[in-house]
1. For the range 103-179, list the helices (runs of 4 or more DSSP H) that sit wholly inside it and hold at least 1 residues that are of a type in the set (D, E, K, R) and touching a residue at least 12 places away in the same chain (Cβ under 8 Å); which are they?
2. I'm trying to understand the selection: among the residues of the range 159-169, which are within 19 Å of R98 (Cβ to Cβ) and either surrounded by 17 or more Cβ atoms within 10 Å (Cβ to Cβ) or within 17 Å of the chain's Cα centre (by Cα) (or both)?
3. Restricting the search to the range 180-191, which residues are surrounded by fewer than 21 Cβ atoms within 10 Å (Cβ to Cβ) and either in contact with a Gly (Cβ under 9 Å, 6 or more places away or on another chain) or part of a helix (DSSP H, G or I) (or both)?
4. Tell me yes or no: at least one residue of the range 36-50 is within 18 Å of the chain's Cα centre (by Cα) and over 30 Å from D131 (Cβ atoms).
5. Is it the case, given these coordinates, that E108 is touching a helix residue (DSSP H, G or I) at 6+ places or on another chain (Cβ under 8 Å) and among the charged types (D, E, K, R)?
6. Taking M46 as the residue in question, decide whether it is among the hydrophobic types (A, V, I, L, M, F, W, C) and over 26 Å from E181 (Cβ atoms).
7. Given the structure, is Q115 open to solvent by less than 60 Å² (accessible area, probe 1.4 Å) and under 30 Å from P67 (Cβ atoms)?
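The values are calculated or read from the model by the stated rules, or taken from the named source; none is laboratory data. It should be emphasised that the depicted structure is a prediction, and the values quoted were computed from it without experimental measurement. Neighbour counts are summed over all protein chains in view; Cβ atoms, including those assigned to glycine, are modelled from backbone coordinates with ideal geometry. With ligands, DNA and RNA removed, areas are computed over all heavy atoms of the protein, side chains included. Shrake-Rupley method; radii C 1.70, N 1.55, O 1.52, S 1.80 Å.
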Amino acid sequence: MKVTNEILPKAEYPLLALRGLVVFPGMLVHFDVGRQKSVQALDEAMGGDQTVFLVAQKDMTVDDPTPEQLYSVGVVAKIRQVLRLPGDNLRILVEGQRRAKVVQLVQETPYFRAQVRDCLIRRVGDPLRDDALLRECRAAFSAYAAVAQKLPAEVVAGVQNARDAEYITDWIASNLPLQTEDKQHLLTSSSVTRRAEFLLQLLQRETAILTLEQDIHSRVQQQMDDNQKEYYLHEQMKAIAEELGEGDDP
């Protein structure tokens, strides 16, 4: 597919800074909102067309991030549901729509408001190689799901049934327990091919780590079982010795 050099139009949205969460286009995600700045941005969005710009902060421990502590690429999202929780917290359901990059932060108080421009997605390269890469991603995700054993069946089916490369990579990335930096890298990459290559590396790494964790757990559990068995037999022998009047030496 040919890459266009057209300059995309800009738009302004209230901005929500997310801690430890990266939202991808096409994904439905729910999370809690408690910071006053975020609540006011959400109220502003709900008073309009329910559109908000979501961007992750670089350090999730920071309670009031500065513009420099926010990533520049995020996702334009629609707010689908808002629930009020005890206290001042809100739980919202959002649907990511498209990648976008901050052009300018036009407002910082009482909440962030950003001027953003949609990101161009590049689909250049060898189509056969891209198809092979996607097949590898599907196979690697299936291998990961078999080891993880906690992924819902619909998540695995969503990968196997989808045909769009961009959707598949976003779907997998959104359902993997990756570091924020890795997810942000996948969100930021404008090349679907490079995104798939990086995702394949992450899938292979996560599968190897999970396999190793399970092996360690099995060995520790076996050692605990052996120790418990030894203790149980020892106690039985002591009881038999006492019954025979032989004291503590069976």
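1. 127-148, 165-174
2. Once the filter is applied, which keeps residues that are within 19 Å of R98 (Cβ to Cβ) and either surrounded by 17 or more Cβ atoms within 10 Å (Cβ to Cβ) or within 17 Å of the chain's Cα centre (by Cα) (or both), the range 159-169 yields A162, A165, E166, Y167, I168, T169.
3. Matches in the range 180-191: T180, E181, D182, Q184, H185, T188, S191.
4. no
5. Against the criterion (touching a helix residue (DSSP H, G or I) at 6+ places or on another chain (Cβ under 8 Å) and among the charged types (D, E, K, R)), E108 qualifies.
6. Spelling it out, M46 is indeed among the hydrophobic types (A, V, I, L, M, F, W, C) and over 26 Å from E181 (Cβ atoms).
7. In short, yes.
One line per residue, one yes/no per condition, for (1) surrounded by 12 or more Cβ atoms within 10 Å (Cβ to Cβ); (2) in contact (Cβ under 8 Å) with a residue 12 or more places away in the chain:
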position: T193; (1), (2): yes, yes
position: R205; (1), (2): yes, no
position: E235; (1), (2): no, no
position: E242; (1), (2): yes, no
